[in-house]
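See below for the structure under consideration.
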Amino acid sequence: MEELAEQVWMFVGEAYESVATAFIDGDDALLVDTLASTEDALRLRQALCEQRGKSVRAIVATHYMSDHLAGLPLFPQALSIAQRHYRHTFLYQNRREDAYYREPRLVFDQAMTLRWGAHELRLLHNPGKTLDHVSVDVPGADLVCAGDNIVGRIVYLSRADPMALRAAILRLRELGRGRVIGGHMGCFPAAVLEQALHYLDRLRETVVRIRATSVPTQADERITAIPIEACLAPQVQPLAFEREWHGRNLEAIVAQSVFALDAAIAAREAGA
């Protein structure tokens, strides 16, 4: 648990280093996401409700993937809020945990604003990693909750359109906040957005080049050997979590033919 601003507390769980953020209004709390495991969510409830006497009245989902929904069953009276395409995200994720699923009680399309205590929370539909992704912009605390549109200083590509993910990060950058809370790992300075874009662009360029210069079987082998250091922004040293998820990216690129369309377009333009 870490206090980020007046009446803003961040929790990072053990499972997948998933993040939840609490905004406090007197004795009432609003959560943005609820961690990845029941054990982590129970510890969050103990710290927030039992030790500090807060009642969770509302829960905003940045996106409806199971590794951010574990606490939903623990707060059945809370008003749950999600973007309208939440069900698409839940159904098409890699590791679905049906026990965490609860229908949101309030859905929205493009944007909505909540006043919670000292802060105005601006919920903005920002599709990228998933179709239902929501950015929670908090101007008064100079921060934005980005969900899984970033993963530390990198991104995670499985089942995502890389160009939609890039556009989502650019929209986050346009907000101009000084701090960015990711869906995993914690809170970062705003430079994390440029670092994630750099990683995405370098990874795309490397994969397209490999596909253009290798037969398919050799291409897959070369792709799975791309070191994370070749994709990171200057002066960025990979953390263990980022290194692990870079490896998962390489597996997804091969299994899901990520960037294959980009390679085909590049080849067509080269031959024109």
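The values are calculated or read from the model by the stated rules, or taken from the named source; none is laboratory data. Quick caveat: nothing in here was measured; it's all calculated off a predicted structure. Cβ sites come from the backbone with ideal geometry, for glycine too, and all protein chains shown count toward neighbours. The area values use the complete protein model at the heavy-atom level, side chains included, leaving out ligands, DNA and RNA. Shrake-Rupley method; radii C 1.70, N 1.55, O 1.52, S 1.80 Å.
Looking across the stretch 212-225 at every residue that is open to solvent by 60 Å² or more (accessible area, probe 1.4 Å) and assigned to a helix (DSSP H, G or I), the one that is nearest to residue 264 (Cα to Cα) is identified as 212. Please verify whether residue 124 is more than 23 Å from residue 266 (Cα to Cα), open to solvent by 20 Å² or more (accessible area, probe 1.4 Å) and in a strand (DSSP E or B), treating the condition exactly as stated. Judged against the criteria, residue 124 is a match. Here is the figure for the stretch 98-120: residues that are outside any loop (DSSP other than H, G, I, E, B) and either within 19 Å of the chain's Cα centre (by Cα) or farther than 23 Å from residue 42 by Cβ (or both) total 12.
Answer yes if at least one residue in the stretch 42-64 is out of contact with any strand residue (DSSP E or B) (no Cβ under 9 Å at 6 or more places or on another chain) and within 24 Å of residue 239 (Cβ to Cβ), and no otherwise. For the stretch 42-64, residues out of contact with any strand residue (DSSP E or B) (no Cβ under 9 Å at 6 or more places or on another chain) and within 24 Å of residue 239 (Cβ to Cβ): absent.
Out of 35, 44, 48, one residue alone is in a helix (DSSP H, G or I), in contact with a Leu (Cβ under 7 Å, 6 or more places away or on another chain), in contact (Cβ under 8 Å) with a residue 12 or more places away in the chain and open to solvent by less than 10 Å² (accessible area, probe 1.4 Å). It is 44.
Picking from 166, 95, which residue would you name as being part of a helix (DSSP H, G or I), in contact (Cβ under 8 Å) with a residue 24 or more places away in the chain, open to solvent by 20 Å² or more (accessible area, probe 1.4 Å) and of a type in the set (Lys, Arg)?
166
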